[in-house]
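Take a look at the structure set out below.
The values are calculated or read from the model by the stated rules, or taken from the named source; none is laboratory data. Not measured: the values here are computed from a predicted model. Here the Cβ positions follow ideal geometry from the backbone for every residue, glycine too, while neighbour counts run over all protein chains shown.
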């Protein structure tokens, strides 16, 4: 009796995912080289994750990194069409999985590297020039909302993982010590320079991070000023918010704005 | 469709500085490039920019790894839309993917997995190929993969399976000569019989690559230079199919660009020997 293609694929796949041997009777001559598929499945996932998380691989070493990837893919069997997205949930999984959650620098490194990767190949869009803001009528400012470049991504980190990661991916440097903890978690932003296409990152001040969070949710410039007023020492939150916005424009973060009679 | 000719290389990010650099002779002997479709679907940034710069200078063919044409899951319409959008930009001479499945029942194993060689599978795959071709508005090519198992239900040879699907779906063949060599060794069939059984007019592109010999089986690694025995099989293939656009597909252990250009000259010489 022939096996349906659906049943065969389910059993073959369960062999790779769970080591289930139900596929064995379906193989010709007992499938002496089935081990090639067993090995290739794990090896490919580890290889791809190592490319996406080079700093994490260095931090953990080969054996522990392989353990992490194996446990992660067991918890999150791959469903994405493109292997590009395999590591999407790694940082969140590390942060909540007991063996790794006790060392938050591990999840921080994964979050940082995933952020850099997102920025690297995010879709292209044309940033607004800073000069465009001069054309916004004063009365339109309070209700302005902003759209950001797809390459702009953020991560809240409790460890200074950037120097370690830079050294890990460099051909000239070696990481010399584990990432140190920050006094308080800090929001980091990564983005791709629109001209050089180089991914850059920096830490955000508390008020800037909150303002960006509000803006990314679609809140108005007026609401963004209120956020800044709550968090900074400045006497004039609008001036401080405008200054932050100017920095965003200079970095190519803003690709659109909407307001009464304005849609750029 | 066959307005592609000559010899090409798989476009790899490590080689962008060489290809797009100031030396106009660096690509001498390279007539076209093949891109991995998935690397450029729905993304932007430097890789896309560089690929488009290469596409302005050279003909491009698109090669996919995740159509999963043999899966029992529905075709991924978002993926096909991305493929079509990329083709609109790149204007590729050919679009290909593998005769395999990569996952089913909602999962993706990210590997080129073997299909049972049955009439039912032929029906299933041919129907899906026709659907893809209707959607893309053009013919696609299916590539033979290296396999490491057969199935108890197999009803035909691999070449009969490939030929029947391509005839029924009216699609082309991307013939990977290394994969024939690997599967012939692993399963004990004759590579010559494989070549003799192909519908020669459907072979529109050829891949060459290297492998890893493990004594009782060969693994298709695509991370070594094309070995002499694969090159000899290539010459035998050309004897059957005539001049077909041919490329080196190097996926791992990527050497300097100049090394691949030099290796491609050897491929060209082999083709000239075979066709003389």
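Only one of these conditions is not met by residue A:109: (1) touching a helix residue (DSSP H, G or I) at 6+ places or on another chain (Cβ under 8 Å); (2) surrounded by fewer than 21 Cβ atoms within 10 Å (Cβ to Cβ). Which number is it?
(2)
Yes/no per residue for (1) at the interface with another protein chain (Cβ under 7 Å from one of its Cβ atoms); (2) assigned to a helix (DSSP H, G or I):
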residue: A:3; (1), (2): yes, no
residue: A:6; (1), (2): yes, yes
residue: A:12; (1), (2): yes, yes
residue: A:20; (1), (2): no, no
residue: A:40; (1), (2): yes, yes
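Please go through the stretch B:76-98 and give me each residue that is touching a helix residue (DSSP H, G or I) at 6+ places or on another chain (Cβ under 6 Å) and more than 26 Å from residue B:31 (Cα to Cα), ordered by number.
The answer is B:80, and nothing else.
Please enumerate the residues belonging to the stretch B:5-34 that are away from every other protein chain (no Cβ under 14 Å) and within 22 Å of residue A:83 (Cβ to Cβ). I'd like the intermediate steps shown before the answer.
At the first step, the residues of the stretch B:5-34 found to be away from every other protein chain (no Cβ under 14 Å) are B:5-11, B:15, B:18-19, B:21-34.
Correct list: B:10, B:11, B:15, B:33, B:34.
Do you know which of the residues in the stretch B:92-109 that are under 12 Å from residue B:37 (Cα atoms) and part of a loop (DSSP other than H, G, I, E, B) is farthest from the other protein chains (Cβ to nearest Cβ)? Can you show your working first?
The initial filter retains those residues of the stretch B:92-109 that are under 12 Å from residue B:37 (Cα atoms), namely B:92, B:94-97.
The next check asks that each one be part of a loop (DSSP other than H, G, I, E, B); those that pass are B:92, B:94.
Details: B:92: 19, B:94: 21 Å.
Checked the stretch B:92-109; the qualifying residue farthest from the other protein chains (Cβ to nearest Cβ) is B:94.
Do we have residue B:54 as within 23 Å of residue B:174 (Cα to Cα), in a helix (DSSP H, G or I) and more than 14 Å from every other protein chain (Cβ to nearest Cβ) here?
Details: within 23 Å of residue B:174 (Cα to Cα): yes; in a helix (DSSP H, G or I): yes; more than 14 Å from every other protein chain (Cβ to nearest Cβ): yes.
Answer is yes for this residue.
Looking at the stretch B:153-166 only, could you name the residues that are touching a residue at least 60 places away in the same chain (Cβ under 8 Å) and under 15 Å from the mean Cα position of the chain (by Cα)?
Within the stretch B:153-166, just B:162 meets the criteria.
Which residue, of A:16, A:26, A:45, is facing chain B (nearest Cβ under 8 Å), modelled with pLDDT of 95 or more and more than 31 Å from the chain's Cα centre (by Cα)?
Working: A:16 fails: more than 31 Å from the chain's Cα centre (by Cα); A:45 fails: more than 31 Å from the chain's Cα centre (by Cα).
Of the residues listed, the single one that is facing chain B (nearest Cβ under 8 Å), modelled with pLDDT of 95 or more and more than 31 Å from the chain's Cα centre (by Cα) is A:26.
Say whether the condition of being within 14 Å of another protein chain (Cβ to nearest Cβ), outside any helix (DSSP H, G or I) and under 28 Å from residue B:46 (Cα atoms) is met by at least one residue in the stretch A:95-118.
no
So which of A:239, A:228 ends up being closer than 26 Å to residue A:157 by Cβ, away from chain B (no Cβ under 14 Å) and over 17 Å from the mean Cα position of the chain (by Cα)? Give the derivation first.
Working: A:239 fails: closer than 26 Å to residue A:157 by Cβ.
Criteria check complete, one pass: A:228.
So if I check each of B:228, B:233, which one is touching a helix residue (DSSP H, G or I) at 6+ places or on another chain (Cβ under 6 Å) and modelled with pLDDT of 95 or more? Full working, then the answer.
Details: B:228 fails: touching a helix residue (DSSP H, G or I) at 6+ places or on another chain (Cβ under 6 Å).
When all the criteria are applied, what remains is B:233.
Name the one entry in A:101, A:95 that is closer than 26 Å to residue A:183 by Cα and under 17 Å from the mean Cα position of the chain (by Cα). Please lay out each step first, then the result.
Numbers: A:101 fails: under 17 Å from the mean Cα position of the chain (by Cα).
Checking each option against the conditions leaves just A:95.
Take residue B:72 and decide whether it is closer than 28 Å to residue B:242 by Cα and part of a loop (DSSP other than H, G, I, E, B). Break it down stepwise before answering.
Details: closer than 28 Å to residue B:242 by Cα: no; part of a loop (DSSP other than H, G, I, E, B): yes.
When the stated conditions are applied, residue B:72 does not pass them.
Residues in the stretch A:70-77: is at least one facing chain B (nearest Cβ under 9 Å), under 26 Å from the mean Cα position of the chain (by Cα) and modelled with pLDDT of 95 or more?
The first filter runs over the stretch A:70-77 and keeps only residues facing chain B (nearest Cβ under 9 Å), leaving A:77.
Among the residues that remain, those that are also under 26 Å from the mean Cα position of the chain (by Cα) are: A:77.
Right, trim to modelled with pLDDT of 95 or more and you get none.
Checked the stretch A:70-77: no residue is facing chain B (nearest Cβ under 9 Å), under 26 Å from the mean Cα position of the chain (by Cα) and modelled with pLDDT of 95 or more.
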